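The values are calculated or read from the model by the stated rules, or taken from the named source; none is laboratory data. Because the structure is a prediction, the values reported are computed rather than measured. Reconstructed Cβ throughout: ideal geometry from the backbone, glycine too, with neighbour counts over all protein chains shown. Ligands, DNA and RNA are stripped out before the accessible areas are found, and what is left, the full protein with its side chains, is counted by its heavy atoms. Shrake-Rupley method; radii C 1.70, N 1.55, O 1.52, S 1.80 Å.
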Amino acid sequence: MKPCVAVFSFTCCEGCSLAILECENELLDVLNLVTFVRWREAMTETSDDIDIAFVDGSISTHSDVRKIKQIREMAKMVIPIGACAYNAGVNALKNKYGMGEVKEIVYGAEGAQFDTIPVRPISAVIPVEFALPGCPIDREEFLHAVRDLVLGKTPRLSNSPLCSECKRLGNVCVFWKGMKCMGPVARAGCNAICPSNGDYCEACRGFVDDPNVDSHKETLAEHGLSPQELMNDFRLFNSYDDSQIA
Ligand code: SF4
Ligand code: SF4
Ligand code: SF4
């Protein structure tokens, strides 16, 4: 029997669940391993018999809290996918404001009726078995994770800083082009796609578990910067919790 898989979305652009659909050729490999039983973007059928629930998006309303708890009861495994689900991603920027202020900014005088609470990643609300970072997820990493989960193994994320991946690819460091980059503390695993294309890294995959903060500070000092100045520019994906590198 193939495991039954469902895909659910919470507060997000749903780009990560869409990234699964965009696996194209590899999607056939995934379909050989699992049976999708519930996925609003891809099918009309629904089922509550779920072995693995992939979830994109953050928890940002009381109704999100109720729904994710129901999913936890239904599914044997819950796997957050993408930055919004992994560490609250861009949604956590909302937490800088009071909820009353947020409602008024977005909805004006009618805002009071809307259900909104400070944003949390999935793992801050329910226990999860594993989580995939990235905005959006890396498709290859997703496929590896599916294979591991089906085999009963816990998938593993790279725990190296992005700089190691970037240097292995022979990229010229963007610091030497006058740009800033989160590479020294960002979690690798995306093939350093942004620096490889001439851009900086904003750490959309979050930070390595134990960032080398001293080396990070040294690199920044060489370019006249401090970690806090860098975070002020790169708060987009890591504002929920930047205590590891602050
Ligand atoms: S992580 Fe990025 S691509 Fe994925 S759902 Fe959130 S905003 Fe969209
Ligand atoms: S471009 Fe970024 S990731 Fe690449 S070596 Fe420089 S700091 Fe590290
Ligand atoms: S290079 Fe950085 S910002 Fe770009 S995908 Fe990788 S982790 Fe995300």
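Summary table below
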| quantity | calculated |
| --- | --- |
| Accessible area, probe 1.4 Å, largest first, for residues 35, 116 | 35, 116 |
| 5 angstrom amide H check on residue 8, placed H, neighbours 5+ away | 54, 55, 56 |
| Between segment 179-246 and segment 72-88, the alpha-carbon center distance in angstrom | 24 Å |
| Scattering profile of segment 109-230 at q = 0.15 Å⁻¹ [log10 I(q)/I(0), Debye over alpha-carbon scatterers] | -0.79 |
| FRET efficiency estimate (nearest 0.05) - Cβ-Cβ, residue 2 to residue 213, R0 45 angstrom | 0.50 |
| Whole-number D in µm² s⁻¹ for segment 1-69, Kirkwood Cα-pair radius fed into Stokes-Einstein, 20 °C, 1.002 mPa s | 167 µm²/s |
| Net +/- balance of residues flanking residue 220 in space, Cβ distance below 9 Å, scoring K and R +1, D and E -1 | -1 |
| Ranked order, 129, 14, 104 - accessible area, probe 1.4 Å, largest first | 104, 129, 14 |
| Length released on extending from residue 44 to residue 114, taking residue separation times 0.36 nm less the Cα-Cα span | 22.4 nm |
| With every protein chain in place, the chain: carbon and sulfur % of accessible area (1.4 Å) | 50 percent |
| The chain, Cα convex hull volume normalised per residue, Å³ | 140 Å³ |
| The chain: calculated mean residue ellipticity at 222 nm from DSSP helix runs of at least 4, using -39500 (n - 2.57) | -9000 deg cm²/dmol |
| Folded to 0 to 90 degrees: helix 62-74 orientation relative to the chain principal axis, Cα | 70 degrees |
| Lysine pairs meeting the criterion (Cα under 22 Å, 8 or more apart or interchain), as found in segment 142-239 | 5 |
| Unmatched cysteines, the chain - criterion: no other Cβ of a Cys under 4.7 angstrom | 4, 13, 16, 23, 163, 166, 173, 181, 190, 194, 201 |
| Most to least accessible of 16, 194, 163 (protein chains only, probe 1.4 Å) | 194, 163, 16 |
| Over segment 157-209: Rg over Rh, Cα atoms, Kirkwood Rh | 0.92 |
| Solvent-accessible area of residue 128 with every protein chain in place, 1.4 Å probe, in Å² to the nearest 10 | 40 Å² |
